[in-house]
Amino acid sequence: MLTGEGGALGNENNERTMKTIGYAAQSAGDKLEPYHFERRELRPNDVAIEILYCGVCHSDLHQVRNDWGIGLFPMVPGHEIVGKVIGVGNEVTLYKEGDKVAVGCMVDSCQECDQCHGGEEQYCREGMTPTYAGNDRITEELTQGGYSKHVVVREEFVLSIPDNLDLSRAAPLLCAGITTYSPLRTWHVGPGSRVAVIGLGGLGHMAVKLAVGMGAEVTVIGRTDSKREDAMELGADAYLISSDETAMQVAEAGFDLIIDTVPVKHDLTPYLSLLDIDGSLVIVGQIGPLDETNTMPMIFGRRRVAGSLIGGIAETQELLNFCGRKNILPECEIIKMDEINEAFDRMERSDVRYRFVIDMSSLEG
């Protein structure tokens with residue numbers, strides 16, 4: 001029998017299932033409460049993981065409230081997972097018991113389409129399987145996330161953590177990190193690139209750190225001056241107040257790429273003229289409607305508005321390795337599992353700098 005703290009792989013009926021515990025919302029808008037459930041039996045290509053830390057993403061709050069209308073309940077959120085391997089299937093070759101590993105926003109895909117073969121499983125033609133609030137590709141059972149003691153994941157979707165990264169701070173790299181890293185890589189950011197980041201929250205502060213690490217000249221754009229000092233401490237070169245019309249005019253045509261991390265409906269028009277010719281504004285925050293946008297700056301500057309999801313597995317591993325080399329980690333506040341509902345309330349008020357991470361040792365079985 002393979003065992004892990006708070007649960008076991010196998011039971012007295014000799015079934016190879018893992019009894020575990022997490023925090024779940026039973027229906028849309030419910031508070032998260034303790035929830036006992038079982039992980040699936042270990043398949044030949046599966047890795048069983050004891051979760052050590054799990055990041056708290058703003059999308060977890062959206063999902064629990066079913067803001068996007070795609071929630072499946074009961075729901076155990078969490079897709080920023082760091083843990084250690086406690087068991088492997090007999091066909092697994094990349095991992096062994098005791099390895100420190102990570103799991104991000106997806107746990108499976110068809111592995112056959114052009115997107116999967118191209119290393120972009122997040123855009124799988126058949127739809128990738130999300131870490132939670134999705135359906136297992138084989139059994140169709142509900143996937144449950146990282147606000148729990150254990151998870152079982154297909155080997156191809158497990159990632160390695162560089163030895164030098166602080167495990168207690170690494171978890172948000174699996175969503176906030178890759179969500180901002182992917183567009184920076186797609187638009188070829190490097191030394192000499194002029195990058196602006198709208199919003200300095202969980203996503204925004206990672207965009208700043210990563211762009212700085214790539215050698216870009218980085219400007220943070222905020223509605224007020226309140227986060228100027230934070231932006232400078234994170235490595236930004238400049239701070240631009242979007243409500244200052246004069247400053248915005250001076251900054252026109254000053255950026256090659258703008259990463260928009262604002263997670264609510266807003267107007268893109270004021271930011272489009274900040275792009276140089278052929279520049280791109282990439283939306284990574286808001287999923288849903290935007291305010292009406294004036295297309296004139298786009299047409300007269302051959303400027304683009306694009307969207308970006310997370311990255312594929314290979315790109316996510318590239319991110320982790322990059323952060324290991326550069327010692328880039330998110331700014332985190334560590335919380336206990338039973339503080340998650342308060343953390344959700346604080347996150348909605350933007351009362352966190354800049355990411356909550358749950359210490360899963362606080363979840364008792």
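The values are calculated or read from the model by the stated rules, or taken from the named source; none is laboratory data. Just so you know, these numbers come straight off a predicted model, no measurement behind them. Cβ atoms come from the backbone with ideal geometry, glycine included; neighbour counts cover every protein chain shown.
The table for this structure:
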{"item": "Qualifying position, being small (Gly, Ala, Ser), over 30 Å from Val56 (Cβ atoms), in a strand (DSSP E or B) and in contact (Cβ under 8 Å) with a residue 24 or more places away in the chain, among Gly279, Gly215, Gly192", "result": "Gly279"}
{"item": "Conditions (1) buried (at least 17 other Cβ atoms within 10 Å of the Cβ); (2) touching a strand residue (DSSP E or B) at 6+ places or on another chain (Cβ under 7 Å); (3) assigned to a helix (DSSP H, G or I): number failed by Leu200", "result": "(3)"}
{"item": "Ser193 touching a strand residue (DSSP E or B) at 6+ places or on another chain (Cβ under 6 Å), within 25 Å of Thr20 (Cβ to Cβ) and of a type in the set (Gly, Ala, Ser)", "result": "no"}
{"item": "Those residues of region 247-273 which are over 27 Å from the mean Cα position of the chain (by Cα), assigned to a loop (DSSP other than H, G, I, E, B) and of a type in the set (A, V, I, L, M, F, W, C), in sequence order", "result": "Ala251, Ala253"}
{"item": "Filter result (buried (at least 22 other Cβ atoms within 10 Å of the Cβ) and either acidic (Asp, Glu) or assigned to a loop (DSSP other than H, G, I, E, B) (or both)) within region 59-82", "result": "Asp60, Val76, Pro77, Gly78, His79, Glu80"}
{"item": "Residue that is surrounded by the most Cβ atoms within 10 Å (Cβ to Cβ), among those in region 83-134 that are more than 20 Å from Cys175 (Cβ to Cβ) and among the polar types (S, T, N, Q)", "result": "Gln111"}
{"item": "Cβ-Cβ under 9 Å pairs, at least 6 apart or on other chains, region 120-142 side small (Gly, Ala, Ser), far side outside any loop (DSSP other than H, G, I, E, B)", "result": "Ala133/Gln63; Ala133/Met75; Ala133/Leu142; Gly134/Met106; Gly134/Val107; Gly134/Asp108; Gly134/Leu142"}
{"item": "Of the criteria (1) surrounded by 18 or more Cβ atoms within 10 Å (Cβ to Cβ); (2) modelled with pLDDT under 95; (3) hydroxyl-bearing (Ser, Thr, Tyr), which one Ser350 fails", "result": "(1)"}
{"item": "Region 140-174: number of residues that are closer than 19 Å to Val56 by Cα, surrounded by fewer than 23 Cβ atoms within 10 Å (Cβ to Cβ) and among the hydroxyl-bearing types (Ser, Thr, Tyr)", "result": "1"}
{"item": "Meets criteria (in the same structural domain as Thr269 (by TED's automatic domain parsing), surrounded by fewer than 22 Cβ atoms within 10 Å (Cβ to Cβ), under 19 Å from the mean Cα position of the chain (by Cα) and modelled with pLDDT of 95 or more) for Arg185", "result": "yes"}
{"item": "Qualifying positions in region 4-58 - surrounded by 15 or more Cβ atoms within 10 Å (Cβ to Cβ), hydroxyl-bearing (Ser, Thr, Tyr) and modelled with pLDDT of 95 or more", "result": "Thr20, Tyr23, Tyr35, Tyr53"}
{"item": "Hey, Val153 part of a strand (DSSP E or B), of a type in the set (Val, Ile, Thr), at pLDDT 95 or above and under 30 Å from Gly254 (Cβ atoms) or not", "result": "no"}
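One line per residue, one yes/no per condition, for (1) part of a helix (DSSP H, G or I); (2) touching a residue at least 60 places away in the same chain (Cβ under 8 Å):
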| site | (1), (2) |
| --- | --- |
| Ile287 | no, yes |
| Thr293 | no, no |
| Arg302 | no, no |
| Gly311 | no, yes |
| Glu315 | yes, yes |
| Leu319 | yes, yes |
| Leu329 | no, yes |
| Asn341 | yes, yes |
| Ile358 | no, yes |
